[in-house]
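What follows is a set of notes on a single structure, which appears directly below.
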Amino acid sequence: MFSRRAFLLSALAASTASALARAQSAPQTGAGASGAPPTVLRIARRSIEVNGKSASVLGIRQPDGTFGIRTQVGDRFRVRVENTLEEPSLIHWHGLTPPWQQDGVPGVSGPPIPPGGSADYDFPLRFGGTFWMHSHQGLQEQLLLAAPLIIRDQRDRPDQQEVIVMLADFSFTPPDQIFAELKKGGSMSPGAMTGASPSALAPTKVKGKAAGTMVPGMSMGGAAAKPDLNDVKYDAFLANDRTLGDPEVVKVEPGGRVLLRIINSSSMSAFHVDLGALDGELTAVDGFAVAPVVARRFLIAVAQRLDIRLTIPRAPAAHPVLAVLEGEAKQTGIILRAGNAPVARIPDTASTASPPLTLDLERRLRAVKPLKPRKADRTHTLNLTGEMTGYIWSINNVAWTKDVPPLPIAEGERVELIFVNQTRMQHPMHLHGHEFQVVEIDGKRFAGAVRDTVLVPPRRRVVVAFDANNPGLWAIHCHLLYHLDAGMFTTLGYV
C-alpha cells in the first residue's frame, strides 16, 4: 500500500526543481532584519601558476577579490551567487544547515544556476566554525571551485591571529579525462584521465556481492588486505593555491597565538598535517568543538576541517605547516614567519612516505557539546560498495540515480547511520543539512566528535547519530569526487 508519507516524500523529490527555481526567480533583496544588501559571490574563471606553468581554474570571490566569506554566528546568511561562467554551476554550503532548497546540489535541491544567472540565499546561521563552499555541479570541484566559509563565534579570541590553510589537489589534465581514464583502467598515471553526474548513471549492481554481506577478508577489527590509496596521481598539491616551490609566507608575532583553520578542499587526497617542532592544540573538527588534543601531527580526510591553536616561540624563526599526502611523500604547505627569520626552501617531497589514515585520532575525540543521550528511533545501514575494476562505486550495491528512492526518516527522530566499508579504499562520508556525532567505531560505543564528514577506512564500521531537525531531501555521499560521480551517493528525505 502506498502510504501518505511515501506519497509526501515522492512529492518532495518531484517538487525540488520548481521550488529552487521559484527561489532563484524571486531575489530576496531587502529581506532580513538589517535590510542590508546581500553579499555577492561570483563564480568565475581565473588563472594560477603551478610549477612554473599557467593553469586555468575556477573560483568563488566577492567583487572586491575576497576569497569566500567571513561572517558571524547569529547573523543571517544573505548571499547572492552570480555565475559568470559559460556553463551552469551551483554552490553547496558545506557543513551548514540551510533550507533544503538552498543546499546547492543539482538534481536534488534544485537546478544549477545558468550562465549569466544568479541565485539568492537567506537563512540563519545557527553555529560558528570553519566551513567551506564548493561546486556540486559535475566535476567543477576538481577545477578548484571552492572557498572558505568562516563563521566566527565566542571561541574566537581577540589575542589570536587567524590563518586559513586551504589544501587542494591539482592536475593539468581535464577532470572529464581523468574520470574517463579511471573508468577504463583504475588508477590514473601522472598527466593522464565524459564526466557524468550521479543523476546520469543507471543503477549498477556490484558483481558478485549482495547488499549487507561481508567481502572476502573483511574483518570488523582490522583490514586483512592492503588498502588502495590515491587512485588519481596529481601533478601538484596546493596550499592556498600555491606549491612549496613558491609557498605562502604568513608573518606572525614571536610569542603570539595563531588559530590555524585547515580545510581539505581536495577532490581525492587526504593528508597528514605536520607542524614540525610546534605543539598544536586541536580544538575543533568540522567546525564543532572537541576536548583539546595536543600533538604535532594530525590526520585530515577529504572535506574535513581542523582548528588548531599554536603558540609561536619568542625567538625569530620560520615554522612550516606541512600537509603530507596519505601513503606517499608528496607534500604542500605554508610557512609561518616569526620576526625577520630567513625562510629556507622546503622540498615538495618529505623524507619518508606517510602511512594510510586510521581512526586512531577519531577514537580519541570527544565533543564539547554532544548530542543528548537518546535511543535511536531509526537506523539505516549504508554498505559502501564498489571496486576499481570498471570504477564502480555505490551504496548498498546500487549506483545512485534520480530514480533511487530516498531513505525514509521522520521529523524529530534520532537517526543512526551505520557505514560499513566493504571496499579496499577510504571513503569520507558526508551528510548534508545536519551535523552528526560519531557514536561507534567497530562495535565500541563512545561519545565522539560532532562532525559533518567522517572517514570510513577499508573494512571498518563507523556509526553516526543525528537528530532529524531540518526537513527536506538531503544528500549522503562519499566526498571523493570521482567516487561520488561514479554512484556512491544517496539521499534521505522527510517532511
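The values are calculated or read from the model by the stated rules, or taken from the named source; none is laboratory data. These figures come from a predicted structure and were not determined experimentally. As a convention, Cβ positions derive from the backbone with ideal geometry for all residues, glycine included, and neighbour counts pool all protein chains shown. What goes into the accessible areas is simple: the full protein's heavy atoms, side chains included, and nothing from ligands, DNA or RNA. Shrake-Rupley method; radii C 1.70, N 1.55, O 1.52, S 1.80 Å.
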Q: Look through the range 108-119, keep the residues that are open to solvent by less than 10 Å² (accessible area, probe 1.4 Å) and either closer than 13 Å to W93 by Cβ or of a type in the set (S, T, Y) (or both), and return whichever of them is modelled with the highest pLDDT.
A: A119
Q: Select from the range 54-70 the residues that are among the hydroxyl-bearing types (S, T, Y) and not in a strand (DSSP E or B) and list them in ascending order.
A: T66
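Rundown of residues vs (1) of a type in the set (D, E, K, R); (2) touching a Phe, Trp or Tyr at 6+ places or on another chain (Cβ under 6 Å); (3) more than 23 Å from R309 (Cα to Cα); (4) open to solvent by 70 Å² or more (accessible area, probe 1.4 Å), yes/no style:
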residue	(1), (2), (3), (4)
V321	no, no, no, no
I334	no, no, no, no
N340	no, no, no, yes
R345	yes, no, yes, yes
S351	no, no, yes, yes
D360	yes, no, no, yes
K369	yes, no, no, yes
D377	yes, no, yes, yes
V398	no, no, yes, no
Q.
Criterion first (surrounded by fewer than 24 Cβ atoms within 10 Å (Cβ to Cβ), under 24 Å from F237 (Cα atoms), of a type outside the set (V, I, T) and under 18 Å from the mean Cα position of the chain (by Cα)) does G68 satisfy it?
A. yes
Q: Quick one: V302 ticks every box in (1) open to solvent by 20 Å² or more (accessible area, probe 1.4 Å); (2) within 20 Å of D452 (Cβ to Cβ); (3) part of a loop (DSSP other than H, G, I, E, B) except a single one, so which number is it?
A: (1)
Q: For the range 297-316, name all the residues that are closer than 16 Å to R257 by Cα and not aliphatic (A, V, I, L, M).
A: D307, R309, T311, P313, R314, P316
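Counting only residues that are in a strand (DSSP E or B) and of a type in the set (G, A, S), how many does the range 124-161 have?
Within the range 124-161, the subset in a strand (DSSP E or B) is 124, 129-135, 146-152, 160-161.
Of the ones still in play, those that are also of a type in the set (G, A, S) are 129, 135, 146-147.
So the count comes out to 4.
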Q: Working carefully through the options A284, A289, find the one that is in a strand (DSSP E or B) and open to solvent by less than 10 Å² (accessible area, probe 1.4 Å).
A: A284
Q) In the range 383-396, what count of residues is obtained for those that are open to solvent by 40 Å² or more (accessible area, probe 1.4 Å) and either in contact with a helix residue (DSSP H, G or I) (Cβ under 6 Å, 6 or more places away or on another chain) or not in a loop (DSSP other than H, G, I, E, B) (or both)? A) 1
Q: Could you grab the pairs with beta carbons closer than 9 Å, sequence gap of 6+ or different chains, first residue in the range 427-446 and among the aromatic types (F, W, Y), second one not in a strand (DSSP E or B)?
A: F436/L371; F436/D452; F446/R363; F446/R366
**Q.** Hits in the range 175-189 (condition: modelled with pLDDT of 95 or more and aliphatic (A, V, I, L, M))
**A.** I178, A180, L182
Q.
Of everything in the range 71-104, what is loosely packed, with under 14 Cβ neighbours inside 10 Å and in a strand (DSSP E or B)? Give them in sequence order.
A. Q72
Q: Determine which single condition P405 fails, assuming it passes every other condition in (1) more than 22 Å from E141 (Cβ to Cβ); (2) open to solvent by 10 Å² or more (accessible area, probe 1.4 Å); (3) part of a strand (DSSP E or B).
A: (3)
**Q.** Candidates A486, A447, A468 - the one that is small (G, A, S) and under 23 Å from M388 (Cβ atoms)
**A.** A486
Q. Taking the range 260-281 only, how many residues are surrounded by 22 or more Cβ atoms within 10 Å (Cβ to Cβ) and on the phi > 0 side of the Ramachandran plot?
A. 0
